[in-house]
Each structure stands twice: as structure tokens, then as C-alpha cells.
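Inspection log for the structure reproduced underneath, given as C-alpha cells.
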Amino acid sequence: MTTPSVADLPQVLDPAVVSGLAERLVTVANATQTSMSTVHDRWNVLSDSEVFHVTGAEGVPRMLDRPRDDAQSFAESLVAARNALYEAASSELPDLRSRRQELASRIDTVVADYTSAEEAKAMADTTYWSTRSSGTAPDVAADAALGRSSAVTALRMAQDALDTLRDDIERLRRDIEESEDRLASRLRGVSGGTEVYAAGGEPLRVAQTFWGFVESAYPGAPAAASTSRTLAEQLTYELGRSAERRIEWLSTADEDAVKRWMEAHPDFVQAVAFVDPHRAGDLFADLASTSTSAPNGEWNTGPLAQLLALAPLVVGNLNGIPAPQRGMFNRSGLAQALARNDLDKETRSRLEKLRSVIAQRGDDGSRPTLLSLFLDTEGSPRANIAFGDVDDADQITTLTHGIRTDLGSLDEWARGSADLQSALTNELERTGSDQTTAVVLVMDWDSGGVLSVGGIDRPDAGASRLSQTWRGLHAVNPDAQLDAGAHSLGTTMTGQALADNPGLVSNAWFFGSAGVTSQAGDEIAEQIRSGQTQLSATHADDDSIAAWGRRDWLGSLHAEDPRNIPGVEEFSSNGGVVPGYGSPEGEYGESTDSHDAHKSVKDELVGWTIGVDGSPVPLYEPTERFGYLDPSAESFKHFVVGLRDSLDSTGAPE
């Protein structure tokens, strides 16, 4: 886990430099107005007919009237810009600079304390495990256990301090960005003296359209976008800011106006997932501060009450807000969707199935949480569902699917996710662990069908959404260990998301992979080498389908088998005993005999008979097949043991 350094702190504009620029603007303003006034006064001498008189040139004395007025307007705009700079230099910038200095003074101490606590924990672990043999005196073993417990507590306190420091650095970064945006906005509001006219008096179009922005920057000119962001990052940032402003408007605007806007922009509920999770959390907190809720927790007054009633999915699809709130808003959105009279039969069936799934209670009595819900651009419903308490769990595992899978397959995938969470919880309890786990079923992406399996557009789009899901889970529960499981083309998608988010996900398991891109493979190999993540992969001998997704001669753009990535651990799915599952000795797991993720029944040729006309007739019998993620399968049990063991040995991501 990397720790922050002074180099990570964002830079703050020097107030003295900004004040100096403001002074120079005043100097330029005074010189411009004075010089132009002098020139105009001297030019006016031409209005004396005794000095200058040319028939047909009577308008010449007035030729400098417009330049004089423009010079005065330009000087006034310079003064207005000076005032904006002075305001920033006298209040906002000194405060930000002071906060940066305070953070810089904390970093070394907090990092040193964390490093020391981490080393002490490692030493305590070594001592503790060395006393686990039967020959160790009870008092020695007890002291070692106490020492380990104290070291764990100290490390958690040091981790809390480190997390607080990171949060403070990120908060400073956001505040600096907002301060610079406010200053740029004030400067863009300054105008005057920028109109340019040709000799004939017609206006000319120029690049400098308003203060603080140039359409095409010349060498040395300031860029319109922050130089610290790539174009993609800037677009994402601007999208997020625009979405935030729209949500604020939706929370207070006229009811009819909100309904009209939402009807005209149905895709907006998809876009809000890309609002930065930390900013989304702050936005929700601001809206909650002026809202009130009923005893059952539902918002009944204020901006959140309006959003719950008129645009619930706008809030429910935000990453970075508490899961119970997302569940409440998305359930309301689901009810509103089902109340529509324009749904086709298939869409209604899938939404009804979703409603049934989130209403079912698990072994612990809790219901799944609907973390996201929207209708994509084709009108197909997409959703993510959490099994377990993702806001408080020590471990969160995302699980996703391959091709030809959508909410029409929800029953088997929901059952499989619940089985995984239940089996892992049982294993943790059996081995004496008090840690908790949650599983998030990710079905908010379009995995396509057979004809598109070799492409990369769908996995890339899914990876962008999965990245935001991970970041949102981490923002709300930063202490949780994030892990991932994926099947078929879902491994292509998850592999890209892993490559795009180094250090965020601790462990991943791939089942029957359709391959990853060479770029993603290189990135994952580097993360494994540096200890940021660990990837395990399996491919059953009887799975004849998965490899077709990796055929480069068929045009696959993700032809690399993840098992060939340096550092990847391969595990079996061909049937066998899984040590440590169910008991120390382990338990037998069935062989995966198809490409399916879950148990299925398929007709199998068992022989032949003779038809009434004497011709041979094949005989088929329904045969049960075990998928990779069936609870009886060897690969499923390896998955559970791997998740259990990784939780015992690995902390939360950075």
C-alpha cells in the first residue's frame, strides 16, 4: 500500500503573485485610459475648421471616439479583473496555502506512525503463529495473543489516521479546484474592450471570446482545461460537475418542469454513475442537511423528498452514497417503472423478477440491496444488487457474468451470489473469524452475444461502470478489502477495470475466461509483481467454449489467456478435493463439465433406437451439468477458500 508524500499535495497559487498580477492590471488600465484620452484630445484639434478642413472629410475628427470609448471600457474591465484577483489573494488562497502547510507538516509523522504500527503488527503475527504449536506454554501463548491484539488495534488507529490524512488531502484538492473554478468564473464574467472592428466598421470574430478562456491557445497562453487532467479526465470531470448541478436543480425545481426534463432525458440516470463518488457523497450530505425523513426513514420534506418522488433513480445510481439510501431510492424507481403502461412484456417480466429477488430474505434475515437500476439506451433494464452489508463489511466481492446474460438470467445469478455470500460467511464462522463479507452482483453492463464476443467495446464500457462501482464502494467503506470474481467475457471486462485501477482491488478470480487485451495483461502483471493485486484463473478441460473468445484469427481483440500472465495462479475446476473447505481435510468438488456459470440440465445423447420406419432414432436424457460457480463445483469451493484466506491476510486497498 503506497503512503502519501508531500509531492502528492496539490499546489496553491501564491497570493503574492496573484496580488502582483492585480497591481499590474491596474497599472495597464491607468496607462491605457490616460494614453487614449490624450490621443483623443489631440485628435479633436482637427474639429477646428480653421486648423483642418477638407470637403467630404467632415467625419474625420470623430474617428477616435469609438477607440476612446473602447479603451475606457477595457480599462474598467481590467479593474474588475483586478478586484477578482484581489478577492482571491486576500481570503481564499491564504487559507488554502495554510491548510497545505498544515498537511505537509502531518505527513511524515502519520506515515512514520503507520509504518511502525505495520512493522509491529508483522512482528506480533510472527510471534503469535510461532506459539501455535502444542508445546508452547499457555502463558506464553496468551501473551503472544494479547500482543497481537494490541498490535492490531494500534495498526487500525494508525490506518484511521492515514485514511483521515488521505481524505484531508483529497478535500484540499477539491477545494483548490473549486477555488480556481470560482476565480475563473469571475474572470469569465468580466467583459469590455474586446470587440474588434475592421476598417469598414464591421465586427470581426477573434479567438479571445471572454476573459479567462481562449478557443485555440497560442504558444504560452493559458489552457482552458486544467493542465493536470487529460482530455478524458477533463470530460469526466465536467460531466460530473454538470450532473451535480442538474441534480441540485431537480431537487428544487417546479414539479412539472422536473417531470418534463426527466422525460426528455431518460439516459441521465445512467450518467450520474460517473459523478466522482466523493463529490456524490458530499452532494448527498448537502441535500440531506436540508431534508427531513419520516420514522421509517423515507424522506418526506426537502430536496431529497422531491427527488424520491420525482426522480429517485437519479439518486439511486450515484456511487459514493450509503447503500441503504441507494436501495430506498432505487426501490422507488423500480415501483415507478412498473407503474408505467408503455413497457413491453419482456421488460416488465424482468423488472418483476428483480422486484421478487430484492424482496427475498437471506439466511440472516436481511434482504438484498438494489444498488443501481436503469433502462439502457435500448430499453433493457440493468441493475447491481448487494448481498450483505456493503457499507460495513470487511470484504466486498463483485461478481459478474459473460455473454448472453441480462436480467432475464437474474434468478440463477442472484441465487449464485447469495450462495457465495452464504458459503463464505459459513467458512469465516467455522474458522473462528468475526469478519464479515458481502457480494455485489454486477449486471449493469451489456455483454452482448456470440457475434460480438471478440470485440472490446462492450467490455470497455462495462469496465468504466465497474470502476465507478468499485470507487463508490471504497468511498463509503474505505476499510473493506475489495475483491472480484468474473465469468467468461466478464473476465475481459473485469481485467480491463483491474488494469485501470491499480491497487484498488486486492484479489480477483477468473472462470472460463474469454481473454484479456495485451495491454490489460501487462498492467495486471505489473500489479502482481508490485504486490498491488493477485489474480487466480481456471479453465475446465470440458469447457470447449471459452477459448473461442480468445481466437485472434477470428478477430478477437482480447486474445491473451489470463493464465499466461506472469504471476497468475491457476486453480483446478476438473473435480477434486479442496483442502480447507468445510473442514481442515477439505471437501470434494465436482468437475465443471460445460462453459456455464451455474448448474444446468442439458439433453445428452445416451444411445439409439429404431423408429417405426426402421430408421435409427437418437435417444437423449436430461443430464445435470455443473457450472464454475455452482456450490458443488470444485472451482466454487476454491473461490470461497481463496476469499476466506485473503481476508485473513490482506487489509483494505489504498
Answer from 514, 461 - the residue that is in contact with a helix residue (DSSP H, G or I) (Cβ under 9 Å, 6 or more places away or on another chain), without any contact (Cβ under 8 Å) to a residue 24 or more places away in the chain and in the same structural domain as residue 528 (by TED's automatic domain parsing): 461
Residues (under 14 Å from residue 382 (Cα atoms) and without any contact (Cβ under 8 Å) to a residue 40 or more places away in the chain) located in the range 315-337: 331, 334
Test: residue in the range 98-111 that is in a helix (DSSP H, G or I), modelled with pLDDT under 85 and more than 30 Å from the chain's Cα centre (by Cα): no
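Taking residue 270, is it at pLDDT below 90, out of contact with any helix residue (DSSP H, G or I) (no Cβ under 7 Å at 6 or more places or on another chain) and not in a loop (DSSP other than H, G, I, E, B)?
Taking the combined requirement at face value, the residue does not satisfy it.
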Matching residues, the range 617-654, being modelled with pLDDT of 95 or more and assigned to a loop (DSSP other than H, G, I, E, B): 627, 628, 629, 630, 631, 632
Residues of the range 376-422 satisfying the condition of being assigned to a loop (DSSP other than H, G, I, E, B) and among the charged types (D, E, K, R): 376, 378, 389, 391, 392, 394, 404, 406
Subset of the range 247-267 that is part of a loop (DSSP other than H, G, I, E, B) and without any contact (Cβ under 8 Å) to a residue 12 or more places away in the chain - its residue that is nearest to residue 304 (Cα to Cα): 253
Close pairs (6 angstrom Cβ cut-off, 6 or more residues apart or separate chains): of a type in the set (D, E, K, R) in the range 169-188, modelled with pLDDT of 80 or more anywhere: 173/10; 186/84
Filter result for residue 359 (under 22 Å from residue 639 (Cα atoms) and at pLDDT 95 or above): no
Odd one out for residue 194, checked against (1) at pLDDT 80 or above; (2) over 30 Å from residue 94 (Cβ atoms); (3) not basic (Lys, Arg): (1)
When residues of the range 100-135 are limited to those that are touching a residue at least 40 places away in the same chain (Cβ under 8 Å) and among the basic types (Lys, Arg), the one surrounded by the most Cβ atoms within 10 Å (Cβ to Cβ): 100
Residue match in the range 362-369 (condition: crowded, with 23+ Cβ neighbours inside 10 Å, of a type outside the set (D, E, K, R) and out of contact with any Leu (no Cβ under 9 Å at 6 or more places or on another chain)): yes
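A quick yes/no check of all residues on (1) closer than 30 Å to residue 283 by Cα; (2) out of contact with any helix residue (DSSP H, G or I) (no Cβ under 9 Å at 6 or more places or on another chain); (3) touching a residue at least 24 places away in the same chain (Cβ under 8 Å); (4) acidic (Asp, Glu):
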position	(1), (2), (3), (4)
429	no, yes, no, yes
435	no, no, yes, no
440	yes, no, yes, no
443	yes, no, yes, no
451	no, yes, no, no
473	yes, no, yes, no
494	yes, no, yes, no
Failed condition for residue 453, given (1) buried (at least 23 other Cβ atoms within 10 Å of the Cβ); (2) under 22 Å from residue 382 (Cα atoms); (3) touching an Asp or Glu at 6+ places or on another chain (Cβ under 6 Å): (3)
Any hit, the range 410-419, residues being more than 23 Å from residue 349 (Cβ to Cβ) and in the same structural domain as residue 560 (by TED's automatic domain parsing): yes
Those residues of the range 112-151 which are farther than 30 Å from residue 96 by Cβ and within 30 Å of the chain's Cα centre (by Cα), in sequence order: 118
Meets criteria (of a type in the set (A, V, I, L, M), buried (at least 19 other Cβ atoms within 10 Å of the Cβ) and under 21 Å from residue 513 (Cα atoms)) for residue 480: no
Near pairs, Cβ below 9 angstrom, 6+ apart or cross-chain, from the range 136-152 (under 12 Å from residue 125 (Cα atoms) and of a type in the set (Ser, Thr, Tyr)) to any residue that is surrounded by 12 or more Cβ atoms within 10 Å (Cβ to Cβ) and at pLDDT 85 or above: 149/124; 150/120; 150/124
The range 18-37 residues that are in the same structural domain as residue 70 (by TED's automatic domain parsing) and at negative phi, paired with ones that are polar (S, T, N, Q) and surrounded by 13 or more Cβ atoms within 10 Å (Cβ to Cβ) (beta carbon under 7 Å, 6 or more apart): 33/72
Residues being assigned to a helix (DSSP H, G or I), over 17 Å from residue 320 (Cβ atoms) and polar (S, T, N, Q) - total across the range 465-501: 4
Some residue of the range 525-533 being within 28 Å of residue 631 (Cβ to Cβ) and modelled with pLDDT of 95 or more: yes
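The values are calculated or read from the model by the stated rules, or taken from the named source; none is laboratory data. Everything numeric in this text was worked out from a predicted model, so none of it was measured. Virtual Cβ from ideal backbone geometry, glycine too; neighbours counted across all protein chains shown.
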